[in-house]
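Engineer: Here you go, one structure.
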Amino acid sequence: MIDIGANLSNPTFSDDLDEVLTRAQEADVEAIIVTGTSVESSLAGLQLAEQHPNLLYATAGVHPHDADSYNKETEQQLIALLDQPSIIAVGETGLDFNRNFSTPENQRSAFEAQIDLANRYQKPLFLHERDAFDDFYAILCANKNDAVKAVVHCFTGSESALKAYLDSGFYIGITGWISDKKRGANLREIIKYAPLDRLMIETDAPYLTPQQTGIKQKLVKKHRNEPWTLAYTAATLAECLEIETNELISRTKENTKNFFSL
Ligand SMILES: [Zn+2]
């Protein structure tokens, strides 16, 4: 399995990252893409990827929460990062109108600027969208070159949003959200509309611990999700699609390798 999104540069992992990686590998997680959410965390992700070749890769981008800080200097720093072979995507970028930690206006312009970077440097986009479908989709359609691939990570949206993304050729990232009894109910219902060749799996660790029984008790640090839980998300997703977990795992892995050119 490949975890397409884990926030391993988060300080909660700084004490015991090697053990976290060992546990992941013991649970058949062969590679992890470290999510960049700011210039600092993207730089930290790059360092981790360079320290763990073939196990860790990283993305470089500015999360919509941090969009207020996006400026010309940020852009230059991202460009330098995108030159590095371990940086395999632009992101995470997108729009989050759920909490508006940055103004919607700044979110839109930072998003457009990063789509531009993906176009220029021909890297896939790792995308975040929450409560912002209309603007998000319109900005992507207006700015993204057809040749640039895009994955909407941690998809939790509506059936119509899912269908619009699929119609546009985007990929869908599924997290432990799918196992949440209440919040994941709609996702479990609609995810069957996604063809198997457009799905990828992720933990979004340290967030979104899968909700299956027994996982919480096994976490080494309370409330800190780890990449080893990925198999649980694979199993629940396979159940929703009415296929064998092994098939889900091999297909999502193939999709991930193609998508990120691993
Ligand atoms: Zn996100």
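Engineer: Output the residues belonging to segment 1-20 that are more than 16 Å from the ligand (Cβ to nearest atom), out of contact with any strand residue (DSSP E or B) (no Cβ under 6 Å at 6 or more places or on another chain) and either within 25 Å of Ile172 (Cβ to Cβ) or without any contact (Cβ under 8 Å) to a residue 60 or more places away in the chain (or both). Before the answer, list the steps.
Structural biologist: Filtering segment 1-20 for residues more than 16 Å from the ligand (Cβ to nearest atom) gives 1-2, 11-20.
Those left that are additionally out of contact with any strand residue (DSSP E or B) (no Cβ under 6 Å at 6 or more places or on another chain): 1, 11-20.
Passing the criteria: Met1, Pro11, Ser14, Asp15, Leu17, Asp18.
Engineer: Just name the residue that is nearest to the ligand (Cβ to nearest atom) out of those in segment 161-220 that are among the small types (Gly, Ala, Ser) and crowded, with 20+ Cβ neighbours inside 10 Å. Lay out the reasoning, then the answer.
Structural biologist: Filtering segment 161-220 for residues among the small types (Gly, Ala, Ser) gives 161, 164, 168-169, 173, 176, 179, 184-185, 194, 205, 214.
Checking which are crowded, with 20+ Cβ neighbours inside 10 Å leaves us with 173, 176, 179, 184, 194, 205.
Values: Gly173: 9, Gly176: 13, Ser179: 17, Gly184: 16, Ala194: 18, Ala205: 12 Å.
Result: Gly173.
Engineer: Suppose we filter segment 42-52 for residues that are buried (at least 22 other Cβ atoms within 10 Å of the Cβ) and more than 16 Å from the ligand (Cβ to nearest atom); how many remain?
Structural biologist: Of all residues in segment 42-52, those buried (at least 22 other Cβ atoms within 10 Å of the Cβ) come to 42, 45-46, 49.
From the residues that got through so far, the ones that are more than 16 Å from the ligand (Cβ to nearest atom) too are 46, 49.
Matching residues across segment 42-52 total 2.
Engineer: Something else about it: Please indicate, with yes or no, whether at least one residue in segment 33-41 is of a type outside the set (A, V, I, L, M, F, W, C), over 21 Å from Asn258 (Cα atoms), within 16 Å of the ligand (Cβ to nearest atom) and not in a helix (DSSP H, G or I). Break it down stepwise before answering.
Structural biologist: So the first thing to find is which residues in segment 33-41 are of a type outside the set (A, V, I, L, M, F, W, C), and the list is 35-38, 40-41.
Restricting the remaining residues to those that are over 21 Å from Asn258 (Cα atoms) gives 37-38, 40-41.
With within 16 Å of the ligand (Cβ to nearest atom) added as a condition, the list becomes 37-38, 41.
Then drop every residue that is not not in a helix (DSSP H, G or I), which leaves 37-38.
So far as segment 33-41 goes, yes, one or more of its residues are of a type outside the set (A, V, I, L, M, F, W, C), over 21 Å from Asn258 (Cα atoms), within 16 Å of the ligand (Cβ to nearest atom) and not in a helix (DSSP H, G or I).
Values quoted throughout were computed directly from the atomic coordinates according to the rules given, and no laboratory measurement underlies them. Small disclaimer: the values here were computed from a predicted structure and weren't measured. Quick reminder, even Gly has a Cβ in these numbers, built from the backbone with ideal geometry, and neighbours come from all protein chains shown.
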